[in-house]
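These notes are about the structure you will find just below.
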Ligand SMILES: Cc1ncc(COP(=O)(O)O)c(C=O)c1O
């Protein structure tokens, strides 16, 4: 069995104890709620999308809700990673992160720019790699990301 | 099988002997034994159940109710013997009041779909409680959406018992009162006999969800004066795939069938059908035959231990768990539900420091301590507790006090990781 130190890296515990970008955004920011049916966790993702010269940009993001260390730290790191990025870059990052989680992606999904996926930087998020060794926790790690996609779909 | 469960005077069960009957406990994970504290979810299986099912398949398997050859007649007898054993286990009046389903969830859905559709109309009231499992909530919500019935709820006291102060007004005008005999989250045992009497006094029928109660206590549906009882085989040492519904004969007789198909009919013509008598009326299609054989062995196994002994054992382990966990962890642990062992079973939902239950169960798993983390299919109750999830340790006949200590040690290692 994989050791717990693979799962509970210091950076993960840090984001769990001190989550970044906690809070809410008022409308017209998009808001989606994600549920983990397994454990009852709920996560709120708020994104503000603004049009810029190079297309839509995630100008602000906030995260609410409750969850375990993995879902909360993943949400916190995600919020840092996507703030200020173009929506296209954010979608690419989601794809990249799901790859890290060994999740099969829908290759026919043309909304994702594969060149951007190549160049996407996971940074701190790499710390979540250990989750793959604990398959039941993958859903925890991806909860915020799927909720983010729902929020982006609303603002599209 | 030899009975080795005489036990001594001080202990109600000889746990070491009981444990020896469960082959899964021979398995080591990472070189360590399994500390299985998830029996409220589903129980482990004794060798006698495993043997009964495999021997039946190897030597006696055949269809039931359909064929005249000896093998089929024997299989039918074995299947019906499981029904009689179930009848005795819950002290029902007649064997044909016992209907085999897929699980307790299906039993409860059968009641709602059959009795509910035949008897409930817009505005009719059904009383539930705040500590119900989703299986005793969602089917009623479905009926409410389709028929416009009205649901009322019995609230809880601060220590997680039913607050019966306003029971009479809540029951006023109700047609059914459906409640659990024991909460799968709080461990609370409800006063079933009193609740049945109150329901009847108000002109309502009493439906008991016995999932968590029947595997752990002496059950007597006649003494309760209940109208329906739903429970599952997999929570009482039997196989998954078979559930039980007991119903009062007069009610079952008057109810329309639930599923249609083979076995449930007396006659089928081009222009319609007539139903078979009980219990076949509610057993459409090929039933869980092998599972019924396993269920029978499980009921025999529990009966050989004695359900009063099972209850005593669980009260002892509950007293020990409550005392030792609160002494050791003080305010760092919050155990939900009653603190009096007379009012509860050995199922403990708890919060430990600020550690999320998912993280707790992950750390406990490192020591092979199996607990459930989550909402326990009781989201309305979880909202009342103000926790989206709890960790839950549930003890059964094969658990002893040393496993409470292992749980406590494992909790300590969780605080090491989370530094709380
Ligand atoms: C109180 C209660 N009711 C109903 C059920 C549903 O049982 P099953 O899943 O076997 O249908 C359970 C099982 O978790 C339960 O604990």
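The values are calculated or read from the model by the stated rules, or taken from the named source; none is laboratory data. All figures in this text were calculated on a predicted structure; none of them were measured in a lab. As a convention, Cβ positions derive from the backbone with ideal geometry for all residues, glycine included, and neighbour counts pool all protein chains shown.
Structure summary
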{"item": "Unmet requirement for residue B:384, which otherwise passes all of (1) within 29 Å of residue A:18 (Cα to Cα); (2) in contact with a helix residue (DSSP H, G or I) (Cβ under 9 Å, 6 or more places away or on another chain)", "result": "(2)"}
{"item": "Residues of segment A:22-61 classified as surrounded by fewer than 19 Cβ atoms within 10 Å (Cβ to Cβ) and either within 14 Å of chain B (Cβ to nearest Cβ) or closer than 28 Å to residue B:418 by Cβ (or both), total", "result": "8"}
{"item": "Strands (runs of 3 or more DSSP E) contained in segment B:332-412 and holding at least 1 residues within 11 Å of chain A (Cβ to nearest Cβ)", "result": "B:372-374, B:390-394"}
{"item": "Residue in segment B:185-193 that is within 14 Å of chain A (Cβ to nearest Cβ), within 12 Å of the ligand (Cβ to nearest atom), more than 18 Å from residue B:246 (Cα to Cα) and out of contact with any helix residue (DSSP H, G or I) (no Cβ under 8 Å at 6 or more places or on another chain) present", "result": "no"}
{"item": "Any hit, segment A:43-63, residues being touching a residue at least 60 places away in the same chain (Cβ under 8 Å) and closer than 17 Å to residue A:134 by Cβ", "result": "no"}
{"item": "So residue B:90, is it within 25 Å of residue B:163 (Cα to Cα), in the same structural domain as residue B:167 (by TED's automatic domain parsing) and under 17 Å from the mean Cα position of the chain (by Cα)", "result": "no"}
{"item": "Test: residue in segment A:118-138 that is touching a strand residue (DSSP E or B) at 6+ places or on another chain (Cβ under 9 Å), modelled with pLDDT of 90 or more and crowded, with 22+ Cβ neighbours inside 10 Å", "result": "no"}
{"item": "Hits in segment B:238-258 - residues which are within 23 Å of the chain's Cα centre (by Cα) and in a loop (DSSP other than H, G, I, E, B)", "result": "B:238, B:239, B:240, B:241, B:242, B:248, B:258"}
{"item": "Top-ranked residue in segment B:123-160 [being within 18 Å of the chain's Cα centre (by Cα) and either part of a loop (DSSP other than H, G, I, E, B) or free of Cβ contacts under 8 Å to residues at least 40 places away in the same chain (or both); ranked as nearest to the ligand (Cβ to nearest atom)]", "result": "B:133"}
{"item": "Selection status of residue A:71, within 14 Å of chain B (Cβ to nearest Cβ) and either in contact (Cβ under 8 Å) with a residue 12 or more places away in the chain or in a helix (DSSP H, G or I) (or both)", "result": "yes"}
{"item": "Residue count, segment B:330-344 (criterion: out of contact with any helix residue (DSSP H, G or I) (no Cβ under 7 Å at 6 or more places or on another chain) and surrounded by 16 or more Cβ atoms within 10 Å (Cβ to Cβ))", "result": "4"}
{"item": "Some residue of segment B:391-401 being more than 23 Å from residue A:3 (Cα to Cα), surrounded by fewer than 18 Cβ atoms within 10 Å (Cβ to Cβ) and touching a helix residue (DSSP H, G or I) at 6+ places or on another chain (Cβ under 9 Å)", "result": "yes"}
{"item": "Meets criteria (assigned to a helix (DSSP H, G or I), touching a strand residue (DSSP E or B) at 6+ places or on another chain (Cβ under 7 Å) and within 16 Å of the ligand (Cβ to nearest atom)) for residue B:199", "result": "no"}
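So that you can scan it fast, the table gives a plain yes or no per residue for (1) more than 16 Å from the ligand (Cβ to nearest atom); (2) exposed (fewer than 14 other Cβ atoms within 10 Å of the Cβ):
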position	(1), (2)
B:60	yes, yes
B:74	yes, no
B:77	yes, yes
B:81	yes, no
B:87	yes, no
B:99	no, no
B:102	no, no
B:107	no, no
B:112	no, no
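Residues checked against (1) farther than 25 Å from residue B:349 by Cα; (2) buried (at least 21 other Cβ atoms within 10 Å of the Cβ):
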position: B:189; (1), (2): no, yes
position: B:192; (1), (2): no, yes
position: B:223; (1), (2): yes, no
position: B:240; (1), (2): no, no
